[in-house]
Amino acid sequence: MRFPRPVISSGFLCVLTALYLLFFNNRTFWTLILQYFDGQLMKVVVMAVALLLLHIAILVLFSAQYVIKPFLILMVMTAAGGSYFGETFGTIITRNVVEATLTTTAGESRNLMTTGFITHMVLYGLLPSLLIVWVRIKHRPIFKKILVNTPVILGCVVGFVVLVASDFGAYSSMYRMHRNDIMARLVPYKPVASTVDYFVRHYTERHIVMQPLGQDAVQETVALPEGKKLLTVVVVGETARAQNFSLNGYNRETNPELKKREVIAFTNTTSCGTETSVSVPCMFSPFPRKDYSSAKFKGSENLLDVLQYAGVKVEWWENNTGDKGVADRSKLIDLQNSYDPKYCEGGECLDQILSDYLRDHLKDFDGNTTLVLHMTGSHGPAYYMRYPPEMAQFKPECRTAEFSECEDSQIVNAYDNTILYTDKILSQIIDILKANEDKFVSSMIYMSDHGESLGERGLYLHAAPYFIAPDTQTHIPFITWFSPDYQAVTGTDLSCLRASTAEEASHDNLFHTVLGMMNVKTSVYDRSLDRFAACRK
Ligand SMILES: [Zn+2]
């Protein structure tokens, strides 16, 4: 026996879908709206009706044969994905989040494919989509449809305007104040708008012509000891937040190894962005955060190019989701794709792969060198996959990417284990540099790309819009180590640096500080942004 397919008019299907999208996928949005209009239920009701009319108008606009079903399904699936990340992690789907999603690695996306995600997508996305596929839509002939739908759309829009105008002051000030936090949680509106924004930018930025940078760069001669070369290892961390480093005052011992070495931690350092795809290019670009944009990054060479113009050997060693274009003109060694079972599982590798690679390959370099090591660090939500079992010192740890199955304290434990592991890797790097002191006058600089939320204010992960991002996402660790040779040759005064650790630092400093560390002179170097210059003789 076959079930007869129910027949439904296109207009009625649009109304049902609008109701579903607005009221079944926007729990976070309505919770915040209720809070905002504290006690004034009438304002919330009027707003709900106004938004519903607007949703109906938009859906009816696409109500044509062969168009309407794919369009409604796209809206339903987008809303389901957006509401999952919004409700689970507090994520706002900005253009940068879209970019991160579309440019991620298989290993990274696998981490997010939890049963919680799949269940949510089936219940909120797939099932309603199947219903849309199942029903038979009654369409009017095209001219009649235009004749009917045009007044319907106009009527909805007029209704929306009248309702908003009924208390324009309240609604417009809410929108102005909260366009980027409360309104940005409305799905599928925000994810769709961000996706369109991403592709528009992607298209317009295609034509940007890369300008050379710092072609006048030269390495000034320093009196290096006989046969030795100058070496800077730049370690780019991932999702490490300053608050969880005991070097920065965390009450848990997460830096037992670095504390035994002569490192300096700059405790007041902020990131350029709140996600990898913004922070990493920004760190290596010549632009400070306030001037930075992805268009500017694409229009200019970066730190690695300037170093190469000066004759410095440069390599980027990758153990994360990619160099984001920074190493386009440099040699890149992709360790993540090595699939070495000693370190790697499911396309992701422990950071030990970086320090072991350094141990084995440092001897191959015979000139002044800058190496960038891009760690996988504390990349969430599967923190427990970032460290080997013996590093699980803080217990019980959350051993799933499904945060709803863990207490916040277990999530923090797993996260702190990643910091403990980073502490070990950085210490190994320092030890390898020490072991090669006969060949290299070396130093190490470590900065994370951004921080992380671990449940504070109901937020998890990162990628919050910068201006509302909590300190936990923008306050990053910045740690350095200088070999005795390096201190002597460059006149770097550690006690002077130690006295300045509480002063402000940021990603803006990296470009100029590394040029200073490599003793590169160029017109694009700004001494005032070289964080170590004042302590160098
Ligand atoms: Zn990152």
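Between a first residue in the stretch 57-70 that is open to solvent by less than 70 Å² (accessible area, probe 1.4 Å) and a second residue that is part of a loop (DSSP other than H, G, I, E, B), which pairs have beta carbons less than 6 Å apart while being 6 or more apart in sequence or on different chains?
From the stretch 57-70, the pairs are ILE68/PHE62.
What residue, of LEU358, LEU362, LEU433, is more than 16 Å from the ligand (Cβ to nearest atom), out of contact with any helix residue (DSSP H, G or I) (no Cβ under 7 Å at 6 or more places or on another chain) and closer than 30 Å to GLN487 by Cα? Walk me through it before giving the result.
On the way: LEU358 fails: out of contact with any helix residue (DSSP H, G or I) (no Cβ under 7 Å at 6 or more places or on another chain); LEU362 fails: out of contact with any helix residue (DSSP H, G or I) (no Cβ under 7 Å at 6 or more places or on another chain).
Answer to the check: LEU433.
For the list (1) away from the ligand (no atom under 16 Å from the Cβ); (2) within 24 Å of the chain's Cα centre (by Cα); (3) touching a residue at least 24 places away in the same chain (Cβ under 8 Å), I need the number of the one condition that GLY311 fails.
Exception for GLY311: condition (2).
Looking at (1) open to solvent by 40 Å² or more (accessible area, probe 1.4 Å); (2) more than 16 Å from THR267 (Cβ to Cβ); (3) not in a loop (DSSP other than H, G, I, E, B), which is the one condition that is false for ASP438?
Single failed check for ASP438: (3).
Mind counting the residues in the stretch 224-259 that are within 16 Å of the ligand (Cβ to nearest atom) and in a strand (DSSP E or B)?
Start the filter on the stretch 224-259 by keeping residues that are within 16 Å of the ligand (Cβ to nearest atom), which leaves 234-242, 244.
Right, trim to in a strand (DSSP E or B) and you get 234-237.
Within the stretch 224-259, residues that are within 16 Å of the ligand (Cβ to nearest atom) and in a strand (DSSP E or B) number 4.
Among the residues in the stretch 268-284, are any within 16 Å of the ligand (Cβ to nearest atom) and open to solvent by 30 Å² or more (accessible area, probe 1.4 Å)?
At the first step, the residues of the stretch 268-284 found to be within 16 Å of the ligand (Cβ to nearest atom) are 269-284.
Add one more test, that the residue is open to solvent by 30 Å² or more (accessible area, probe 1.4 Å), and what stays is 270.
Yes, some residue in the stretch 268-284 is within 16 Å of the ligand (Cβ to nearest atom) and open to solvent by 30 Å² or more (accessible area, probe 1.4 Å).
Quick one: ASP323 ticks every box in (1) within 16 Å of the ligand (Cβ to nearest atom); (2) assigned to a helix (DSSP H, G or I); (3) open to solvent by 20 Å² or more (accessible area, probe 1.4 Å) except a single one, so which number is it?
(2)
Suppose we filter CYS406, CYS398 for residues that are crowded, with 16+ Cβ neighbours inside 10 Å, under 13 Å from LEU454 (Cα atoms) and under 22 Å from the mean Cα position of the chain (by Cα); which single one remains? Explain how you work it out, then say what you get.
On the way: CYS406 fails: under 22 Å from the mean Cα position of the chain (by Cα).
Going through CYS406, CYS398 in turn, just one is crowded, with 16+ Cβ neighbours inside 10 Å, under 13 Å from LEU454 (Cα atoms) and under 22 Å from the mean Cα position of the chain (by Cα): CYS398.
For the stretch 484-527, which residues satisfy the criterion of being of a type in the set (S, T, N, Q), surrounded by fewer than 19 Cβ atoms within 10 Å (Cβ to Cβ) and part of a helix (DSSP H, G or I)?
Passing the criteria: GLN487, SER495.
Quick test of your reading of the structure: TYR415 fulfils all but one of (1) within 22 Å of TYR84 (Cβ to Cβ); (2) open to solvent by 10 Å² or more (accessible area, probe 1.4 Å); (3) not basic (Lys, Arg). Name the failing condition by number.
With (1) within 22 Å of TYR84 (Cβ to Cβ); (2) open to solvent by 10 Å² or more (accessible area, probe 1.4 Å); (3) not basic (Lys, Arg) applied to TYR415, the lone miss is (2).
Answer with yes or no whether ALA414 is closer than 19 Å to GLN473 by Cβ and touching a Cys at 6+ places or on another chain (Cβ under 7 Å). Working first, answer last.
Details: closer than 19 Å to GLN473 by Cβ: yes; touching a Cys at 6+ places or on another chain (Cβ under 7 Å): yes.
For ALA414, the condition - closer than 19 Å to GLN473 by Cβ and touching a Cys at 6+ places or on another chain (Cβ under 7 Å) - is met.
The values are calculated or read from the model by the stated rules, or taken from the named source; none is laboratory data. Because the structure is a prediction, the values reported are computed rather than measured. Every residue, glycine among them, receives a Cβ derived from its backbone with ideal geometry; neighbour counts consider all protein chains shown. Heads up: the accessible areas ignore ligands, DNA and RNA and are worked out on the full protein's heavy atoms, side chains in. Shrake-Rupley method; radii C 1.70, N 1.55, O 1.52, S 1.80 Å.
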